[in-house]
Ligand code: FES
């Protein structure tokens, strides 16, 4: 049995050891949170939104679809939409549904062949270029591609203001 200074040294070492264990248990997760690389956010989650063969040529189609949004540890399923324009037998592009002025939902006018925004009357051509303000830039587009005849969309890419142009998926 330990007596006197030996016992005291043993207790001090035991307390210090216990402190080290507690510090490790609390500190390792904190250090891994601070220094571990974040999960890659550059991976595009492609979502199939339409059968290209069923889309009308030269006329946008509003497609409503669900996507998963990761918010911290929470994964939320949300509904959103895209205006998909078929530009060929294997090509299409998809416009994001919000007006680039203040974010209202715009719609397609069949008679004038343009997108119009009900909030402040901006209008856009079928490829998203601004035809009348106050929208400051073309409509944003989804990253898009056609795989096995299905239109897939990824992230929304903000337009740069230089014109939407193009039309290839
Ligand atoms: S939000 Fe569309 S014109 Fe203002």
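A single member of 49, 84, 70 is part of a strand (DSSP E or B), surrounded by 10 or more Cβ atoms within 10 Å (Cβ to Cβ) and out of contact with any strand residue (DSSP E or B) (no Cβ under 6 Å at 6 or more places or on another chain), and it is 70. Select from the stretch 120-158 the residues that are within 14 Å of the ligand (Cβ to nearest atom) and part of a loop (DSSP other than H, G, I, E, B) and list them in ascending order. Hits for the stretch 120-158 are 120, 121, 122, 128, 133, 134, 135, 136, 137, 138, 139, 140. The residue of the stretch 89-119 that is nearest to the ligand (Cβ to nearest atom), among those that are assigned to a loop (DSSP other than H, G, I, E, B), without any contact (Cβ under 8 Å) to a residue 12 or more places away in the chain and farther than 15 Å from residue 141 by Cα, is 112.
Residues that are without any contact (Cβ under 8 Å) to a residue 12 or more places away in the chain and either within 24 Å of residue 53 (Cβ to Cβ) or under 19 Å from the mean Cα position of the chain (by Cα) (or both) occur at least once in the stretch 148-169.
Here, each number is a calculation from the coordinates, and none is a lab measurement. What you see is a predicted model, and the numbers here were worked out from it, not measured in a lab. Glycine also receives a Cβ, built like all others from the backbone with ideal geometry; neighbour counts cover every protein chain displayed.
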